[in-house]
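Enquirer: Handing you a structure now.
The values are calculated or read from the model by the stated rules, or taken from the named source; none is laboratory data. What you see is a predicted model, and the numbers here were worked out from it, not measured in a lab. When we count neighbours, we look across all protein chains shown, and the Cβ atoms used for this are built from the backbone with ideal geometry, even at glycine.
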Amino acid sequence: MVNNGGFILYNSNSKLRVIIICGIFAAITAILAQIEIPIPIVPISGQTLAVGLTATIIGSRYGAIAMICYALLGATGLPVFAGFKGGVQVLIGPTGGYIFGFILAAYVTGLILEKTKFTITMAMIANTIGMIITLAFGATQLKFVLDMTWGQALVTGVYPFIVVGLIKAYLASWLGITVRKRLIQAKLVPQTNKQVA
């Protein structure tokens, strides 16, 4: 038995467990992506909530892998992105930067928790940093794809999402830590000295 990336894995089927775990969280992201508030150019969706939940529950490595799986599923044409969209054109389009940002955001969010403590307070800090990473990636691609100024990119792709992003960061923190505790009780996630009892 080995402890890999936060989850208990058994050598005989560790690869299968990784696939299942990452697939589940990629699917959760695809589902939450369809919860959408349409605003011009960049809609508000549940994707970032899913990213925060994923990283808070399964940590940096698996969180990033789950987001890579999500991006790859969308790239193949499956309608997993916001608004039931899919295809490479979404990734290289104006809003694709956010999706690329999910990968690093999940990794950094999970890493902060792994290096500190799995508490709601630390999860809120980690998820807020993850939100900043996602918005930075999104605004950067938005600027270059639509030939905007940095000011226009911030007004379009960052400012409208700060308040709702903080709300989603809190929800991801509270729900994520709660679910993680339940998984520990079910012996799916090991208790660590940095985990709240």
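Enquirer: Limited to region 76-101, what total is found for residues that are part of a helix (DSSP H, G or I), modelled with pLDDT of 95 or more and touching a helix residue (DSSP H, G or I) at 6+ places or on another chain (Cβ under 7 Å)?
Expert: 9
Enquirer: List the pairs whose first member sits in region 19-35 and is without any contact (Cβ under 8 Å) to a residue 24 or more places away in the chain and closer than 9 Å to GLY46 by Cα, whose second member is among the hydrophobic types (A, V, I, L, M, F, W, C) and in a helix (DSSP H, G or I), and whose Cβ atoms are under 7 Å apart, counting only residues at least 6 apart or on separate chains?
Expert: LEU32/LEU49; LEU32/ALA50
Enquirer: Just checking, does region 183-191 include any residue being in a helix (DSSP H, G or I) and under 20 Å from CYS22 (Cα atoms)?
Expert: Yes, some residue in region 183-191 is in a helix (DSSP H, G or I) and under 20 Å from CYS22 (Cα atoms).
Enquirer: So, in region 79-108, of the ones that are free of Cβ contacts under 8 Å to residues at least 12 places away in the same chain and over 23 Å from GLY165 (Cβ atoms), which residue ends up surrounded by the most Cβ atoms within 10 Å (Cβ to Cβ)?
Expert: PRO79
Enquirer: Now a separate question. Filter region 14-46 for residues that are in a strand (DSSP E or B) and in contact with a Ser or Thr (Cβ under 9 Å, 6 or more places away or on another chain) and give the result.
Expert: If the condition is that a residue be in a strand (DSSP E or B) and in contact with a Ser or Thr (Cβ under 9 Å, 6 or more places away or on another chain), then GLU36, ILE37 are the ones that fit.
Enquirer: Checking the conditions here, which among LEU73, LEU135 is at pLDDT 95 or above, at negative phi and crowded, with 20+ Cβ neighbours inside 10 Å?
Expert: Going through LEU73, LEU135 in turn, the sole match is LEU135.
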